[in-house]
Amino acid sequence: MASVEKIKRQLEDAKTQYDKCEEKLKEKEEKLEKQEKYKNENEKHWWIEDIQALEKQKEKLEKQKEKLEKQKEKQIEKLEEEVKELKVEKNELKVDKNELKVEKNEWKMQMQKLQNTLMEATKTD
């Protein structure tokens with residue numbers, strides 16, 4: 001069960017990373033929109049350079065976001081596979097437990113037969 005907690009923690013970590021990237025991207029987009037207004041008004045030349053730099057940053061962040069989304073999907077798939085494996089393992093353990101119970105009952109019956117045989121043998125003596 002500790003593995004399930006670990007898996008949940010990993011999934012939360014991936015989500016947190018994704019959310020942070022999403023938040024940074026939104027901030028950069030808002031800043032870019034504000035600066036584009038200045039560009040349209042033909043403000044100072046340095047605004048244009050800033051806008052171009054921000055556009056490059058935006059592209060970079062979008063690529064990072066895509067990469068994180070892919071990583072998130074892969075991690076989710078991996079975690080889902082681990083959960084499946086844990087469920088299979090749990091079921092196998094249940095089967096083993098049931099087999100041991102059957103074996104235990106067989107031994108009890110064998111012991112009972114031996115005790116009955118012993119009692120009959122002592123009665124006839």
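The values are calculated or read from the model by the stated rules, or taken from the named source; none is laboratory data. None of these values were measured; they are calculated from a predicted model. With ligands, DNA and RNA removed, areas are computed over all heavy atoms of the protein, side chains included. Shrake-Rupley method; radii C 1.70, N 1.55, O 1.52, S 1.80 Å.
State whether one or more residues within the range 60-73 are open to solvent by 100 Å² or more (accessible area, probe 1.4 Å), at pLDDT below 90, assigned to a helix (DSSP H, G or I) and among the charged types (D, E, K, R). Checked against the condition, which is being open to solvent by 100 Å² or more (accessible area, probe 1.4 Å), at pLDDT below 90, assigned to a helix (DSSP H, G or I) and among the charged types (D, E, K, R), the range 60-73 yields no hits at all.
Is it fair to say Gln35 is at pLDDT 95 or above and open to solvent by less than 100 Å² (accessible area, probe 1.4 Å)? No, not satisfied.
Open to solvent by 80 Å² or more (accessible area, probe 1.4 Å) and more than 30 Å from Ser3 (Cα to Cα): does that describe Asn105? Spelling it out, Asn105 is indeed open to solvent by 80 Å² or more (accessible area, probe 1.4 Å) and more than 30 Å from Ser3 (Cα to Cα).
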